[in-house]
Structures are given as C-alpha cells and as structure tokens.
1. Which of the residues that make up the range 65-100 are small (Gly, Ala, Ser), over 17 Å from Arg53 (Cβ atoms) and out of contact with any Leu (no Cβ under 7 Å at 6 or more places or on another chain)?
2. For the range 71-118, which positions are buried (at least 18 other Cβ atoms within 10 Å of the Cβ) and assigned to a loop (DSSP other than H, G, I, E, B)?
3. Scan the range 39-46 and give yes if some residue there is in contact with a Lys or Arg (Cβ under 8 Å, 6 or more places away or on another chain), within 14 Å of Pro120 (Cα to Cα) and at pLDDT below 70, otherwise no.
Amino acid sequence: MGLLDKVDAGRAGAGGASDSGDIRAVIADFCRENPLFHCIVFKHDGGEGRLSRKISDMTGCHGVACRDLSGRNCMVLLPGELDMELFSHRISNSTGASVLFQFSADAPVTAFDALHSYLP
C-alpha cells in the first residue's frame, strides 16, 4: 500500500466508502467553487483498485471531485461548464464502470438529497 492509498484509507469510512458527512462536505466545498455542477454515480465493475482513484487520475486537470460511496458505487462531481454526457461516456468506457445516475445541481442540499439512496 502506497502513501496516497494510506491517506485515502484513513479518510474513508467502513468498506472503503466515504461516510455521509464526508460526502456532504465534499459536495458543499465543490459547490462553493462551482455554483452549477453535475454529478454522475458509477457502479464499479469489481476490478482491482478504487474507482475514485482511477477516475481522479484520469480527470484531475478538469477540476473533478470523486468519492467512493456505498457498495461499489462512486460519485463524480463535474464543474457545470463540462459536458456531463461526454465525461460519463468516456469514464465508463475507460474504467468499465456503468453509469447508474446523473444529474445537475446548483445547491449542495439538492445534490445530497438526490444521492441519499447511494450513501453509506
């Protein structure tokens, strides 16, 4: 386990997923920087490594935020000016993950409510 994996493991809740408080904080912080944003929830294929790490490595230069959710689900937050359909298609093809749900939001509470059933 590398140093970055240890840091991520220390921040993650049970089962490798972030807890709902962490998710709420990530969404609130992201919304401060991006008043209009998109959210995509992916289902991990079960391969090696955390899906959020793979997506972060692929999209880091675009201002994207990723967090593992409950089960094998992963949340990806995109700034509003990015094309949600294009990113979901590219990420899905590159990682083998399937898109479960996607939406746009302009407030943290809206996003958190929409994600409620996917949270740990």
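1. Ser88, Ser98
2. Arg72, Ala97, listed by residue number.
3. No - not one qualifying residue is present in the range 39-46.
The values are calculated or read from the model by the stated rules, or taken from the named source; none is laboratory data. Just so we're clear, the structure is a prediction, and the values are computed from it rather than from any experiment. Cβ: placed from backbone, ideal geometry, glycine included. Neighbour counts: every protein chain shown.
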